[in-house]
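Trainee: Here's a structure for you.
The values are calculated or read from the model by the stated rules, or taken from the named source; none is laboratory data. Because the structure is a prediction, the values reported are computed rather than measured. Every residue, glycine as well, gets a Cβ built from its backbone with ideal geometry; the counts of neighbours run over all protein chains shown.
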Amino acid sequence: MLDMNTDMTLEIASNNLNDTQAVGEAVGKNLKGGEVIELTSDLGGGKTALVRGIASGLGSTDHVASPTFTISRVYQAGGLILQHFDFYRLDDPGIMVDELAETIGDPKTIVAIEWAATVQAVLPEQRLRVHIETTGEHSRHITINAPESMHYCLEGLV
Ligand SMILES: Nc1ncnc2c1ncn2[C@@H]1O[C@H](COP(=O)(O)OP(=O)(O)OP(=O)(O)O)[C@@H](O)[C@H]1O
Ligand SMILES: [Mg+2]
C-alpha cells in the first residue's frame, strides 16, 4: 500500500535561548523563498526567538522583534524577504489577512506566523509547523513538522 504520510517530524530539546535560536538558524539556512512557517507555543515560549534564528540563518542582519503591536514586520535577507506576522489577540485580522494571503503567494518571500489561529483559512497545507513546549524556566521541547515537499527545510537538523 502506498504510504501517504510522508511528513517528517523532528523533536529537539532546547536548554536555553541560544539553542532555540540555533534551531531557527539551521532552518533559515535551508530556505529558498516561498515557504510558510507557522509557530505555536504558549505565551513567551520562544517563537520570536526562533524567528530571529531563521533571519540570521538567511543572512539577514535586520533586528527581529515581536510584531505584536504592528502585526507584521519585514526583514531583508539578501534577495529574499522574511515577513513576520503575529496575530496575538487579534480577534478579527481584518485587512491583514489579505496582506498575509498576498505575501504567501510570493516566491521571494518567506512567511513566519505567530498566533495564527484566526488566519488558519489562508494558510497553505504545505507549511512548516514549529511547536514549542515550555518544559522549564529555560528548557523547551521543539517539534518541527514538515510535509514531504519541505523536507529540505530540516537539513542539518536531522
Ligand atoms: N530555551 C529557550 N528558548 C527560547 N526562549 C527561552 C528559552 N529559555 C528562556 N527563554 C526566554 O523565553 C522568552 C521567549 O520570548 P519570545 O518573545 O521569543 O517568545 P514568544 O513565544 O515569541 O512570545 P509571545 O507569545 O509573546 O509571542 C525570552 O525571554 C527568552 O529569553
Ligand atoms: Mg512572539
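Trainee: With crowded, with 20+ Cβ neighbours inside 10 Å and more than 19 Å from Gly136 (Cα to Cα) as the only criterion, which of Gly28, Gly34 stands out? Step through it out loud before you land on a result.
Mentor: Working: Gly34 fails: crowded, with 20+ Cβ neighbours inside 10 Å.
None of the others qualify; the one that does is Gly28.
Trainee: Same structure again: Take the residues in the range 108-122 that are more than 10 Å from Gln83 (Cβ to Cβ) and hydrophobic (A, V, I, L, M, F, W, C); name whichever of them is farthest from ligand 2 (Cβ to nearest atom). Walk me through it before giving the result.
Mentor: Start the filter on the range 108-122 by keeping residues that are more than 10 Å from Gln83 (Cβ to Cβ), which leaves 108, 114-122.
From what's left, hydrophobic (A, V, I, L, M, F, W, C): 115-117, 119, 121-122.
Values: Trp115: 8, Ala116: 12, Ala117: 14, Val119: 15, Ala121: 22, Val122: 20 Å.
Filtering first and then ranking leaves Ala121.
Trainee: Determine which single condition Leu80 fails, assuming it passes every other condition in (1) touching a Leu at 6+ places or on another chain (Cβ under 7 Å); (2) over 29 Å from Asn15 (Cα atoms); (3) of a type in the set (A, V, I, L, M); (4) within 16 Å of ligand 1 (Cβ to nearest atom).
Mentor: (4)
Trainee: Among the residues of the range 37-56, how many are out of contact with any strand residue (DSSP E or B) (no Cβ under 9 Å at 6 or more places or on another chain) and more than 25 Å from Glu137 (Cβ to Cβ)?
Mentor: Selection size over the range 37-56: 0.
Trainee: Filtering the range 5-19 down to residues that are of a type in the set (Ser, Thr, Tyr) and in contact with a helix residue (DSSP H, G or I) (Cβ under 9 Å, 6 or more places away or on another chain), which residue is modelled with the lowest pLDDT? I'd like the intermediate steps shown before the answer.
Mentor: Here is the first cut: in the range 5-19, the residues of a type in the set (Ser, Thr, Tyr) are 6, 9, 14.
When the remaining residues are screened for being in contact with a helix residue (DSSP H, G or I) (Cβ under 9 Å, 6 or more places away or on another chain), the result is 6, 14.
Details: Thr6: 92, Ser14: 98.
By that ranking, first place goes to Thr6.
Trainee: Here's a follow-up. Output the residues belonging to the range 13-56 that are near ligand 1 (Cβ under 8 Å from one of its atoms), in contact with a Ser or Thr (Cβ under 8 Å, 6 or more places away or on another chain), closer than 25 Å to Ser149 by Cβ and not in a helix (DSSP H, G or I).
Mentor: Ser41
Trainee: Within the range 112-158, track down each residue that is acidic (Asp, Glu) and under 16 Å from Ala22 (Cα atoms).
Mentor: Scanning the range 112-158 gives a single hit, Glu155.
Trainee: Turning to a different aspect of this structure: Restricting attention to the range 42-70, report how many residues are surrounded by fewer than 19 Cβ atoms within 10 Å (Cβ to Cβ) and either in contact (Cβ under 8 Å) with a residue 24 or more places away in the chain or within 22 Å of Asp19 (Cα to Cα) (or both).
Mentor: If we filter the range 42-70 for residues that are surrounded by fewer than 19 Cβ atoms within 10 Å (Cβ to Cβ), which is where we start, we get 42-44, 59, 61-63, 65-66, 68-70.
Applying the additional criterion that residues be either in contact (Cβ under 8 Å) with a residue 24 or more places away in the chain or within 22 Å of Asp19 (Cα to Cα) (or both) yields 42-44, 59, 61-63, 65-66.
Of the residues in the range 42-70, 9 are surrounded by fewer than 19 Cβ atoms within 10 Å (Cβ to Cβ) and either in contact (Cβ under 8 Å) with a residue 24 or more places away in the chain or within 22 Å of Asp19 (Cα to Cα) (or both).
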